Amino acid sequence: MIDRATIDKIMDATNIVDVVGEFVTLRKAGVNYKGLCPFHDDTTPSFMVSPSKQICKCFACGEGGTAINFLMKHEQITYPEALRWLAKKYNIEIQEKELTDEEKQQQSDRESMFIVNEWARLYFQDILKNDPDGIAIGKQYFRSRGIRDDIVEKFCLGFALPQRDALAKAALKAGYQAEFLEKTGLCIKNEKGIYDRYAGRVIFPWLNVSGKVVAFGGRLLDARTKGVQQKYVNSPDSEIYHKDHELYGLFQAKKAIAKEDRVYMVEGYTDVIAMHQSGIENVVANSGTALSVYQIKLLRRFTQNITLLYDGDEAGIHAAMRGTDMLLAEGMNIKVLLLPDGDDPDSFAKKHSAQELKDYIEKNQTDFITFKTRLTVENVTDPVKRSEAISGIVKSISVIPDQILRSTYLSELSQRMGIKEQTLLNSMNGMIRKDLEEKEKERERNQGDRSLDSDSNAVNQGPVPLIPNTLTPDSEVEELIIKSIIRDGEKVIFEHVEMDDGTFIDLTVAQYVNYDLGQDNIHFHHELYNQILEEAVAHSGEPDFKAETYFMHHPDVNISSLAARLAIDTHQLGKSFQLKEREGGLRQHVLHLVLDLRMDIVEKRLKELKAEMRQVGSDMERIKALMEEFKETQELRNALAQQLGNDLVG
């Protein structure tokens, strides 16, 4: 458990712009910040962050909340984990009790796998630094590759002992379960027992965008790679790692990517490391996997500008070609640079200073039109092959979502190829129509499977904390009342009110709502609302109580999430979303809401009475009683309507 004082200390230190900025590239927009929403396929910045209110909200999909809510949703972590994340970021010490065996057993598989991976990272690093074999073999290997000690530390590089069960024995001795050693892919189990996947290899940990270890890559040492096809062994897919969802080096590169507004994509671990060592940090690798839409969307949170930086050999050309259309379709601006024959980013970076490398890239990178033209069209004399190559480039242009950019590229291609722009335009429009038709057919084929797919996706995403963003009140008025309590619950709206016992008190918003509804024992349909009202009343007498701050930082994540959502709806996060001042002031607003709630209750009862009278049959005595109640309820409804129709002065 984390005590309340520590939670308050963490929340006081937290800056939501810093937290969201770890995962989303934010641009200043007036007094606020905006960026691409990480919770849906956002193409125009709709995610707003308010530093003054310490809240965020996407005005497209509705996701948002406090820094805690953002971390829980984005990282799929629990409330205590989000607090620990923030405490670590702001160097706040947390004193917690030791987990019992029963509590350890109750932790989810996902959490356990992260814990095991973090232990393994530290284990591999310790072997590299302190074990004789680690120093003589592992550290010597990195030094032979020219990798400095500070870069070894930055990328958490390590070494696995040659013994096939060294890690397994150490992990089991430390109390970690064989089940999770196998699930993470650290170990492999067969009929003979459990053994290490990476024995005798240097280790490259994969950190996700928030810095958690999700996987490992292990490389055979140079002396053992002769005649061996598989130099690298990587973690298998698991609950916490999907190779097409992650990018090596993104955690270390994300700040530089946002700062430079560009990312360099290379092929392997050592390419990333060598460029960092040369002073270029905005670089990531997909490490042998075909570039995926997931990876592109991950990058697009930080920048839309990407340079593909590959070897000039056949494999490098193929790697550059295969991801181009996918990048264009996701709205990325592409540059391509193939290094001179015999060089990869690793070897090239070692030969040049950081400035020389930057200058070379700037001078020699080309747009994808130039790249594809040089590769597929130039020096091709066969009319059929030339036509096919040009059509391939037009096809690439056709997937670009921005119409103006498509037109610009098409005009450039027309000038390069000496082909009328209208001819190319007709061809491209035909491709776009065909693509739309195919997508429509695919949509129709998959329509029957949507619900199944949706359920499957929900399972694959792992456990998601209960956050009432989709909470639907039985009455919209109930939510509006709770919104007023969260926003203004501590504010006095009636002064010197005489109570039944002859005493005089001041009534805050929360106290008035509680008093008025309590006269008729009216409760909210949602227990969460009743709890919020009860706590607001209990704290109303405290001099430093501010309802909005209290509920947004509430230890119950359901309450803090709801409070953040309702607070966001009432605050201006941008000029397009300015809230009109409430007419008549706060007191009039609250009085109307309470009357509206009473009206809702009365209207509902009238409908129930009508339905009951239709079904009562020939029981005249029961009919008479229902009619009397219906008449009384109508009179009450009319009195409420009259009050609502008049100017209320309290």
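The values are calculated or read from the model by the stated rules, or taken from the named source; none is laboratory data. Since the model is a prediction, treat every value here as computed from it, not as a measurement. For neighbour counting, all protein chains shown are included, and Cβ atoms are generated from backbone atoms with ideal geometry for every residue, glycine included. The protein model used for the area step is the full one, side chains on, heavy atoms only, and it has no ligands, DNA or RNA in it. Shrake-Rupley method; radii C 1.70, N 1.55, O 1.52, S 1.80 Å.
Observations
- Where Leu636, Leu181 fall by accessible area, highest first, once all protein chains stay in place (1.4 Å): Leu636, Leu181
- Taking amide H as placed 1.01 Å from N in the peptide plane, the amide H of His554 sits under 5 Å from that of Ser560, each at least 5 places away or on another chain.
- For the chain, DSSP calls about 75 percent of its internal beta bridges antiparallel.
- Rough spin-label spacing in nm, given labels placed 7 Å along Cα→Cβ, for Lys607 and Asp12: 4.9
- If R0 equals 51 Å, the separation of the Cβ atoms of Asn429 and Gln588 corresponds to a calculated FRET efficiency of about 0.30.
- Shown are Lys231, Lys243, Lys420, Lys372, whose ranking by accessible area with a 1.4 Å probe and every protein chain present, most to least, is Lys420, Lys243, Lys231, Lys372.
- Karplus-derived HN-Hα couplings along the stretch 324-333 (A = 6.51, B = -1.76, C = 1.60, θ = phi - 60°), whole Hz, x at Gly and Pro: 4, 5, 5, 5, 4, 5, 8, x, 7, 9
- Ordered from largest to smallest accessible area (heavy atoms of protein chains, 1.4 Å probe), the residues Leu299, Leu221 come out as Leu221, Leu299.
- Annotation: aspartates and glutamates with alpha-carbon distance below 13 angstrom to Lys395 (same-chain offsets under eight excluded): Asp325, Asp435.
- Distance between the C-alpha centres of the stretch 346-363 and the stretch 380-399: 33 Å, rounded to the whole angstrom.
- Heavy-atom accessible area per residue - the stretch 161-250, 1.4 Å, Å²: 47
- In straight-distance terms, cross-link reach from Lys420 covers every one of the aspartates and glutamates whose alpha-carbon lies under 14 Å from its own, apart from those fewer than eight places away in the same chain; here that gives Glu412.
- Computed magnitude of the charge dipole of the chain (debye, nearest 20; Cβ of K, R +1, Cβ of D, E -1): 3140
- Per-residue extension of 0.36 nm, minus the Cα-Cα distance of Asp382 and Lys395, leaves a gain of 2.7 nm for this segment.
- Using a probe of 1.4 Å, the accessible surface attributed to Phe524 totals some 10 Å² when neighbouring protein chains are kept in position.
- For the residue pairs Lys89/Lys546; Lys57/Lys483; Lys139/Lys183; Lys154/Lys183; Lys34/Lys154, alpha carbon separations beyond 23 Å are given by Lys89/Lys546; Lys139/Lys183; Lys154/Lys183; Lys34/Lys154.
- Rounded if a/c under 1.5, otherwise prolate or oblate - the stretch 294-397, Cα gyration tensor axes: oblate
- Across the stretch 148-300, C-alpha contacts under 8 Å between residues 6 or more apart give a mean separation that, scaled by the residue count, equals a relative contact order of 19 percent.
- Inter-label distance for Glu239 and Ile92, nm, one decimal - labels placed 7 Å from Cα along Cα-to-Cβ: 2.9
- Listed by chain and number, the aspartates and glutamates placed with their C-alpha closer than 15 angstrom to that of Lys243 are Glu267; residues fewer than eight positions away on the same chain are left out.
- The residues of the stretch 351-414 expose, per residue, 56 Å² of accessible area to a 1.4 Å probe.
- Computed E for Gln76/Glu118 - FRET, C-beta separation, R0 25 angstrom, nearest 0.05: 0.90
- Computed on the stretch 216-359, with alpha-carbon pairs under 8 angstrom and 6+ residues apart, the relative contact order is 23 percent.
- The stretch 291-347 - accessible surface per residue (Å², probe 1.4 Å): 35
- Whole-Hz Karplus values for the stretch 180-196 come out as 7, 4, 6, 5, 6, x, 5, 10, 10, 10, 9, 5, 8, x, 10, 9, 6 Hz, taken residue by residue from phi with 6.51 cos²θ - 1.76 cosθ + 1.60 and θ = phi - 60°; glycine and proline positions read x.
- Length gained when the stretch His352-His496 is fully extended (0.36 nm per residue, less Cα-Cα span): 43.9 nm
- Ligands, DNA and RNA aside, Lys9 has an accessible area near 120 Å² when probed at 1.4 Å.
- For a label point 7 Å along the Cα-to-beta-carbon line of Arg148, residues of the stretch 319-362 with backbone N under 12 Å: 354
- Within the accessible area of the chain (1.4 Å probe), percent carbon and sulfur: 49
- Each Cα pair under 8 Å and six or more residues apart adds its sequence gap; the mean of these over the residue count of the chain is a relative contact order of 10 percent.
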